[in-house]
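Heads up: the structure comes next, in structure tokens.
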Amino acid sequence: MTRFSPKKILAPVDFFKFSIDALRAALDISEIRGAKVTALHVTEEPSMPDTYGHSTMLHANWQLIRERVFEESRAELEALTLEAGDSQEVKCESIMGDPTNEILRMAKDGNFDLIVMSTHGPTGLNRLLMGSVAERVIRHAQCPVLVVRGNG
């Protein structure tokens with residue numbers, strides 16, 4: 001029987017406590033197995049307000065808002081991985097798009113052999129209507145998915 005020994009681990013994070021627990025679990029696995037960890041945060045694309053005529057000035061301001069949101073999420077991801085990783089090196093990727101689609105795309109395109117993510121994210125009616133990102137990733141990922149239940 002061969003042992004599963006991942007070399008590349010993708011750890012999607014959404015900045016909720018549960019995803020930080022999952023990142024720490026990914027780092028624990030990487031320490032034991034010598035794997036590389038990539039922390040991924042997907043910022044949902046902010047939608048532009050629906051206004052008639054979309055002026056050039058409104059569009060330019062919207063681009064600035066979009067860039068600022070992206071930069072802030074990238075900075076938060078880097079701070080989080082430094083805190084969670086202690087001395088371990090973690091590659092940070094921050095992108096905009098649909099979380100499920102981007103996690104699946106990154107896992108496939110990056111040849112990751114394990115995704116480690118948390119069970120929780122959106123709650124309540126939002127989760128009932130959309131389903132959870134973790135559930136959709138489990139259904140469609142081409143590599144194993146380890147789902148970590150948070151300590152909360």
- Label-point separation in nm, M96 to E44, each point 7 Å along Cα→Cβ: 1.5
- Exposure proxy order (Cβ contacts within 10 Å, fewest to most) of L114, L82: L82, L114
- Task: Report the full-extension gain for the segment I32 to R149: residue separation times 0.36 nm, less the Cα-Cα distance, to one decimal in nm.
- Result: 40.1 nm
- Query: How do M1, M96 line up, fewest other C-beta atoms within 10 Å first?
  - Reply: M1, M96
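Every number here is computed from the coordinates shown, using simple stated rules; none is lab data. Keep in mind that this is a model prediction, so the values were computed, not measured. Every residue, glycine as well, gets a Cβ built from its backbone with ideal geometry; the counts of neighbours run over all protein chains shown.
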